[in-house]
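We did not get these values from a lab; they are worked out from the coordinates using the rules stated. Keep in mind that this is a model prediction, so the values were computed, not measured. All Cβ positions, even for glycine, are placed from backbone atoms using ideal geometry, and neighbour counts span all protein chains on display.
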Amino acid sequence: MSGDATAHGLGRRDVLRMGAAGTAAAALAGALREAGALPVPPGPGDGRVRVYVLVLDGCRPEEFGGAEQPVVRGLEAQGTTYTDARSQPVFETIPNHVMMATGVRPDRSGVPANSVYDRAERVVRDLDRPSDLRATTVLEQVRALGHTSGTVLSKEYLYGIFRGRATYEWRPGPVVVPGADYSPDDQTMAEVSRMVREDDPDLLFVNLGDIDRIGHVDETGVLDVRAQRRAALANTDALVGAFVAQLQAEGKYASSVLLLLADHSMDFSVPTDLISVDAILTGRPDLRSSIAIAQNGGADLLYWVGPSGQRRKGLAEVRRLVLAAPGVLAVQTPGELRLGPEAGDLVATCRPGWRFSDPTVLSNPIPGNHGHPVTEPVPFLVTGGHPAVRRGATSATVARTLDVAPTVGAIFGVRAPRGGYDGQVRSEAFTTVPRAAPADR
Ligand SMILES: [Zn+2]
């Protein structure tokens, strides 16, 4: 389960030579030298541990630390890489960030997808309100112990659902990409830099949206999505390098644990491979008027809103018709996937290369999609300058987005939620899981 840096195919010198931007690479050189070849200096002596969770939204495992990401590859050599890491259903952004922050599945958090049909308000909407999240997050748990936490989340809906939880919060802006409701990584990382320098939170939770959003662009077909995506991978990588260099320059790296992972993967489809539950039910107006649909890219959540006396028979019929449609992979119940009542009555997922969309209004006109099982694999890396981080190792143990909160919680000594976590502490990534000294209160 453990290897060494050469197993990654490139030495430190190569990593540095390939460094994207000159300044970022040069600055990273010091960080890697400090963390690698030379003995790692002990922490600042106050028992402080700084934990940074960086989510590269929508990054595929094979892209992570790949040709465009020499900095990440260097960090892999200084940490523990999980080769079989997984997102959790529904493979979307909001539920997986919630699982990272809570360590519990959607049937306990109330957050199964990005978009749901709200039965009380009778409307399909994003789960972007603080009240949508019923579970406790590690962000407020570390606060309760006298430590500090921060959120720098590039997407407006993530800011929305986690609002009020962390000690320090940043709302995406002033640049918010129209229609995408997110801040570019340059701006997001500028705030990370400021918050680390000025507020210095013990725990920082960061979402970087560029890689995902580049996958979602190109409604016109004019842009070369794959070239754009390579550029986004390289730019985000350089920004991570600059972040590590800052930690080093400010004397924070030796006490730092970095978790780098993605919330879900990305699948690319062609515009003709669409699945419309609306169209599937066209010939059955009785059923169509009884079903509300919440689209989530590669997954559709279906809610029975018809007469309750016809519910059972009607849902069985809907299931049969949807399952028979081209491109549909499975139709399951929320219970089978532990999604809870907010996910409705049926969950339809598509095969690779397909997506759910309304063909008439092109409600989902994007080539990149996730939410369906092919987008389950994610990168997951534990690294950083803390001497307890296990270096140059790989682990085939299954790691999940659910494991972030238990792992962070173990470092800060927070108590597991009632009923325990659904995730696990990723102790393989450490010689001994570091324990932050109690905060002065
Ligand atoms: Zn995402």
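For the chain, the antiparallel share of DSSP beta bridges with both residues in that region comes to about 55%. Can you give the net charge of the other residues whose Cβ lies under 10 Å from the Cβ of Asp267, counting K and R as +1 and D and E as -1? Neighbourhood net charge equals +3. Across the chain, the mean sequence separation of Cα contacts (distance under 8 Å, 6 or more residues apart), normalised by length, yields a relative contact order of 29 percent. When you filter the GluC sites (Glu not before Pro) in the range 54-107 for DSSP loop state and at most 11 other Cβ atoms inside 10 Å of their Cβ, you are left with Glu62.
Lys and Arg at +1, Asp and Glu at -1: add these up for the other residues within a Cβ distance under 12 Å of Thr431 and post the number. Its environment carries a net charge of +1.
Rounded to the nearest 20 debye, the dipole size of the range 62-163 about its Cα centre is 460 debye, using +1 on the Cβ of Lys and Arg and -1 on the Cβ of Asp and Glu.
When the Gaussian network model of the chain links Cα atoms closer than 10 Å, the mean-square fluctuations of Tyr421, Tyr82, Tyr52 top out at Tyr421. Shown here for the range 71-135: trypsin sites (Lys or Arg not before Pro) in loop regions (DSSP other than H, G, I, E, B) with at most 10 other Cβ atoms within 10 Å, namely Arg122. The alpha carbon convex hull volume per residue for the range 274-365 rounds to 91 Å³.
The alpha-carbon positions of the range 226-316 define a convex hull whose volume is 160 Å³ per residue. Sequence-distant contacts, meaning Cα pairs under 8 Å at least 6 residues apart, place the relative contact order of the range 137-271 at 21 percent. For Val53, Val378, Val124, Val270, the sequence from fewest to most other C-beta atoms within 10 Å is Val270, Val124, Val53, Val378. Take every Cα pair under 8 Å whose residues are at least 6 apart in sequence, average their separation, divide by the length of the range 274-365, and the relative contact order is 37 percent. Applying 1/(1 + (r/R0)^6) with r as the Cβ-Cβ distance of Glu250 and Asp440 and R0 = 25 angstrom yields a FRET efficiency of 0.75.
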